[in-house]
Structure formats: structure tokens, C-alpha cells
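Structure first, commentary second.
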Amino acid sequence: MGAGDQGIEEMKITKKEVVHVANLARLDLDEESIGKFAEQIDNILEYIDILNRVETEGVAPTSHAIFLTNAFREDKVKEHLDRNKALANAPEKEDGNFVVPKVIG
Amino acid sequence: MNLYELTIHEAHNLLKSREISSQELTKSVLDRVESVEPRVGAYITVAGETAMAQAELADKAIAGGNITHLTGIPLAIKDLICTKDLRTTCASKILENFVPPYDAFVIKKLKKAGAVIVGKVNMDEFAMGSSTEHSGIKLTNNPWDLAYIPGGSSGGSAAAVAADMCIGSLGSDTGGSIRQPASHCGVVGMKPTYGRVSRFGLVAFASSLDQIGPLTKDVTDCAVLMNAISGYDAGDSTSVPMDVPDYTTFLKEGLKGVKIGIPKEYNALPGLDAEVSEAVKNAVKTIEGLGAECVEVSLPHTEYAVAAYYVIAPSEASSNLARYDGVKYGLRDKGKNDLIEMYRSTRSMGFGSEVKRRIIIGTYCLSAGYYDAYYRKASQVRTLIIEDFKRAFKSCDVLLSPVAPTPAFKTGERAEDPLKMYLSDIFTLSANLAGIPGMSVPCGFSTQGLPIGLQIMGNHFNEEKMIKVAYNFEQATDFHNKKPKL
């Protein structure tokens, strides 16, 4: 077994949490990937902890690095893709619509 | 000389004087691709037929007296920039058969200028990686030594330029993905200011960091391509409505009075290779010798940049990549009758392990209870990193540093150690966090014969200052004239 199985209680992310987060992201992982990801992501999160050394009290967070704030446009219909072209890459389509598996039973 | 070896500006002069035709030039490039592609592996799709048709149109335009600096010039495009009717895979199984119904803004501009599109080049899947080893389609080798990685994520672009498999290329840079492969392959690469080049039609990885830019054989070509792709686009709400200067006019200016900043923290970073450090120091001396003045500056939050980046970029990615659901385009597991099952199965089949790893990190950082500790904290540190640069640019025009801490590494060497791979982005990703432009120019070779790049960073919308420094340095050295033996 890998080093990741030692000291589980100190891990930042457990195998169980990896499975939970993968589920939120709609990903299936096999046993091997769960173990590998838990170990690798734990390492990465541990490294990311150095951010806690930075004093950020009162610092505004940045989500956009340049001076623009908002880009408004008029709410007008403009040239757009032809319906068939928009559907051309769909794995399944019918009568000009996307087809999905049954949602409501 | 073989036509495929030409730079954009050299080819343009020969096309203009009618000494060569675009069809001859394009044929030469396509033949070159055919002969070296089995060893380099730069292309995902070669569009030979449409390229020759575009070349024929270019020749007609030239005959009619209509020539731009890109008319008839064969270019390679990173495979995450949408090209109408030409497959765009993002090097992912999930988009392996995706054919965009529209052109990206930059492609529209290139086509309007009469450029020829040779094909689409390899990359790390969805641009996540620093070696192109995470491509879901194929492996790309460094033309200088085929056992080494070309860098990434724009590894196909850099290898194609270095191996003369195109005349110039476009890549994208989210944390160094243009500059680092340019450095590893000995070519010129520029990440423009965030907002300088439209992202319309660029498949999103981390939207607040992504930017399209050129990879070229020399600095003049970089300026020519920057002229062609820069400018406001209403189709990208982060595109900046500012005039674009003619970047080629700054090539002629000297370096008298230019102030070069050397970030003192960069020398103390762990893992900096001695040969890289030496090559960059020599480059600084050369630039000083050309009349520039050196000042020491401080970027105190440098050591936190990798951590901040690897929270912000995966968070944005986890959100952006939610769109691959097997419904609108791309792969779908048709064997599943339940919607959620179909999502899970499709995404698990379609994404490679690095993409899955980043989606999980990002989803974790954004999930309930962790948002403040990770995403908000990283976004605050990002503010401090931006302030570092603002302060530094008060006392200098450009900053000089290495691009990558080491020359290219061997294929497979870091495949199982993602953190080590992430740490190698330390010199480049701050520019993406701060939105500032950065470029890589060749500045030396390791004893093993692998290229080393010098990074030049500028303040927001100061690309011309970087181009000026890069051009003067290039003309004073001959690294850009060396070619790999293939």
C-alpha cells in the first residue's frame, strides 16, 4: 500500500471525501483512482495551506484582474446560429431538439 | 533554403515581390509536416486540402494587389481555438469528434487577413498541464531532443514552430502555457494582457486567466501576429475597448532610458537550475549593455502564487467543464437510460486523469464549508500579488526572469507527481493572476543542448515595451537562428 494510507486522520482529504466531491462533479472513479487521487490531492491541499501564512484581513478578493467592471449590451436579437447547425454536434437529436434520457419517471 | 524555414516577415517579403507563391510555401510546409510528424507528433489534424485551397485564394488576392502581412502565410492553431468546419478536440476524448459551427474571433481575423490554416496542434487536454503529456490524443516530442517533453500546454504549437512544421502559430496561456513551451522549444511566445485578445471561440479552461497569443520563430513575427489578433470584440465581455498600437513600429526603438526590474525573490526560489540562472543573468547583462538600466524590485507574495493559482484555476475549470454532459456536443455513453448515470459515465469515459484531478480539486475548493478557506482566501492573495506588480512597475518598465526553473524534462519523468509539475509554473503563473502580459525569448542552451528562455513581463497593455526589449536582445544574440536537427 502507498504512503497515503499512513496517518489517515491527518489527511486534508479522505478517500470518502474524494468520492463525495467526484459525485458532486458527476464523475465515477474506480478504487485505484480514488486512492491515488486522495493521496495526490491531499499533497496539493497541504501545499495550498501556505496561503494561511498570508494576512488577508480587509483585503478585497479579486475575480477580474483588469479595470473593466461590466459590459452591457442592448437586449436585441442579433444574427445567430441556424438551428440545424447548432444541433449538428449533438450525440442524439430529434425534430430539432436535443434528446436526453428520461428525466421524470 | 527550404521555404518552410522562413519566418512570417521573410515569407511576406517573398510573396509580396512574387518570388514565391503561397501555394509553393504551403506545399513546402505540408511536405515538411509529412516528413517530421512521425517523430515530433505536433499535429492532431492536418488540413491539407483546405490549406491548399486557402493558399490558392491568397495567391489570387496577391495577384490582385491585396496583400496583408499574413496573406498566404501557413499557420498552426492550438486545438482549443474553434475553427469553423475543422475538428477542434481540446486534445480530449470528450470532444474528439467536435466540429465547431463557427470561427473564434481570432480565426475570423486571421482568415480575413488571408492567412492559411495548416491544421490543429496538440496540447494538454483542455490546456491543463505543463508537458503536453496529458493530451488525450497523442504524445508530442521536443524537436531538440525527442526524448524530452516540448512543454505545455501549447506543446504542439511550440514544437510545430521549432520544427518548421508551420510558419507561425497561435496558442493559449492560462498559467504559462504559451511561454513555457516556447522556452522549452527555443521559440518566441507571448501571453498578451488579459482582455487584449478576444477569447470568443477559445474553449474555456479558467476564464479569468485564459488568453490567446502567438508562438513564432522571432520577435518581429510576434509583433506581426499580435497586430493581427489584438483588439476589441463585443463577443467577449472581458475584451477591452482600447486602441491597439502597431507593434512592429516599436522594433526600431533602442533601449536607452528603459528600466529593467529584477525581482529579488526569484533568485531565492527553490529548484532553479544553475544553467537557467546563468543564461538569464547573461541575458540581463546583454540588455544592460544595450543601454537599459537595471533596478532591483520586490514581489513579496511570489511564494504564494502557485498555491493561489492552483485554487483559482481548478475552481474555474470545475465550473467551466460542467458543460460536457453528453447532451449538446461531444461524447455520450449511449448505453445509459438514466440521465445522471449518463452524465457520470460520459464524463468518466471522456476526461483524462489530470482533468478529473483538477475538477475534483476545484469542486472541493468551491464546496460548502470550504469556499472561504480556499477560493476566497486565494482571491485575496491574488489581490496582493496584483499590488506587488503595481508597486514594481512604478520603478521599472519591464521585469526580467526565467520562464521555467529548468530546461525541458524527460517524457514520463513527472507524470506521477502533479505537485512537482505545478511548482514548475512558479515564474509564469503570476502574470495570469495579475492579468499582465509576459513573453518568452530564447536566451541560451543547456549543456545537453536544450533551449532556455528569458521571460519579459510588462504592465497592463505594455506589450510594446516587452517587444522592444525582446527585439533588441534578439538582434544582439543569435539563439533564434539555431535550429533543431531532425
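Taken together, the values in this text are just the output of simple stated rules run on the coordinates, not laboratory data. Predicted model, so just to flag it, every value in this text is computed and none were measured. Because the Cβ atoms are built from the backbone with ideal geometry, glycine has one as well, and the counts that use them run over all protein chains shown.
Cβ-Cβ distance of A:Asp75 and B:Arg323, R₀ of 22 Å, FRET efficiency by 1/(1 + (r/R0)^6): the value works out to about 0.40.
Backbone phi angles across segment B:119-130, fed through the Karplus curve with coefficients 6.51, -1.76 and 1.60 (θ = phi - 60°), yield HN-Hα couplings of x, 10, 10, 5, 6, 5, 3, 6, 6, 9, x, 10 Hz in residue order; Gly and Pro are listed as x. Loop-located trypsin sites (Lys or Arg not before Pro) in segment B:1-55 (DSSP state not H, G, I, E or B) with no more than 13 neighbouring Cβ atoms inside 10 Å: B:Arg18. When you filter the trypsin sites (Lys or Arg not before Pro) in segment A:31-105 for DSSP loop state and at most 14 other Cβ atoms inside 10 Å of their Cβ, you are left with A:Arg73, A:Lys76, A:Lys78, A:Lys102. Near the amide H of B:Val121, within less than 5 Å, lie the amide hydrogens of B:Ile44, B:Ile77, B:Lys78, B:Asp79, all on another chain or at least 5 residues away, with H placed in the peptide plane.
Counted by neighbouring Cβ atoms within 10 Å, the residues B:Cys185, B:Cys396 run from fewest to most as B:Cys396, B:Cys185. Pairs over the 20 Å Cα-Cα cut-off, from the set B:Lys217/B:Lys483; B:Lys217/B:Lys410; A:Lys85/B:Lys93; A:Lys85/B:Lys108; B:Lys191/B:Lys390: B:Lys217/B:Lys410; A:Lys85/B:Lys93. Residues of segment B:348-366 falling in the label zone of A:Tyr47, defined by backbone nitrogen less than 11 Å from a point 7 Å along Cα to beta-carbon, are absent.
In terms of other Cβ atoms within 10 Å, B:Glu10, A:Glu31 run from fewest to most in the order A:Glu31, B:Glu10. Given contacts defined as C-alpha pairs under 8 Å and at least six residues apart, what's the relative contact order of chain B, whole-number percent? Relative CO of chain B lands at 18 percent.
Between B:Asp478 and B:Arg18, how high is the FRET efficiency from 1/(1 + (r/R0)^6) when r is the Cβ-Cβ distance and R₀ = 30 Å? Nearest 0.05. E(calc), rounded to 0.05, equals 0.50. Under 16 Å from a label point 7 Å along Cα→Cβ of B:Ile340: give me every residue in segment A:17-58 with its amide N that close. Label zone hits: A:19-29. Relative contact order, whole percent, for segment B:245-308 stands at 52, derived from Cα pairs under 8 Å and 6 or more residues apart. Shielding of peptide B:233-244 by partners, expressed as the average count of other chain Cβ atoms within 10 Å per residue Cβ, is 2.
Of the chymotrypsin sites (Phe, Trp or Tyr not before Pro) in segment A:61-105, the ones in a loop by DSSP (not H, G, I, E or B) with at most 16 other beta carbons within 10 Å are A:Phe67, A:Phe72. Looking at chain B, what % of its DSSP beta bridges pair antiparallel, to the nearest 5? Antiparallel bridges make up about 65 percent of those DSSP assigns within chain B. Think of the protein assembly as shown as a dipole: +1 on every Lys or Arg Cβ, -1 on every Asp or Glu Cβ, centred on the Cα centre; then among B:Asn13, B:Tyr310, A:Val100, B:Asn13 lies furthest on the positive end. Summary value for chain A: 17 percent relative contact order, contacts being C-alpha pairs under 8 angstrom separated by 6+ residues.
Cα centroid separation, segment B:227-281 to segment B:415-486: 9 Å. Note that segment B:290-297 has calculated 3J(HN,Hα) couplings of 8, x, 7, 10, 9, 10, 8, 10 Hz, one per residue in order, obtained from phi through the Karplus relation 6.51 cos²θ - 1.76 cosθ + 1.60 (θ = phi - 60°); glycine and proline are x.
Quick one: check the C-alpha center-to-center distance for segment A:23-83 versus segment B:96-135, whole angstrom. Spelled out, the Cα-based centre of one part sits 23 Å from the other.
Shown for B:Glu278, B:Glu49, B:Glu316: other C-beta atoms within 10 Å of each C-beta, ranked fewest to most, produce the order B:Glu49, B:Glu278, B:Glu316. For B:Lys264 and B:Lys138, a Förster radius of 45 Å and the Cβ-Cβ distance give a FRET efficiency of 0.60, rounded to the nearest 0.05. For B:Gly444, the residues whose amide H sits under 5 Å from its own are B:Ile452, ignoring neighbours fewer than 5 places away on the same chain, with H placed 1.01 Å from N.
Take chain A, connect every pair of alpha-carbon atoms lying under 10 Å apart with a spring to form a Gaussian network, then pick out the residue of A:His64, A:His80, A:His20 with the largest mean-square fluctuation. Of the options given, A:His80 has the highest mean-square fluctuation.
Using the rule -39500 (n - 2.57) for each DSSP H run of four or more residues, divided by the residues of chain B, the 222 nm mean residue ellipticity is -11500 deg cm²/dmol. For segment B:246-260, putting each phi into the Karplus relation 6.51 cos²θ - 1.76 cosθ + 1.60 with θ = phi - 60° gives couplings of 7, 4, 5, 5, 7, 5, 7, 6, x, 9, 4, x, 7, 9, 9 Hz, in residue order, rounded to whole numbers and with x for Gly and Pro.
The charge dipole of the protein assembly as shown, taken about its Cα centre with unit charges on the Cβ of Lys, Arg, Asp and Glu (plus for the first two, minus for the last two), comes to roughly 1100 debye.
Of the residues A:Ala86, A:Ala71, A:Ala25, the one that moves most in a GNM of chain A with alpha-carbon contacts below 10 Å is A:Ala86. Here chain B is assigned +1 on the Cβ of each Lys and Arg and -1 on the Cβ of each Asp and Glu. Its dipole about the Cα centre then comes out at about 700 debye.
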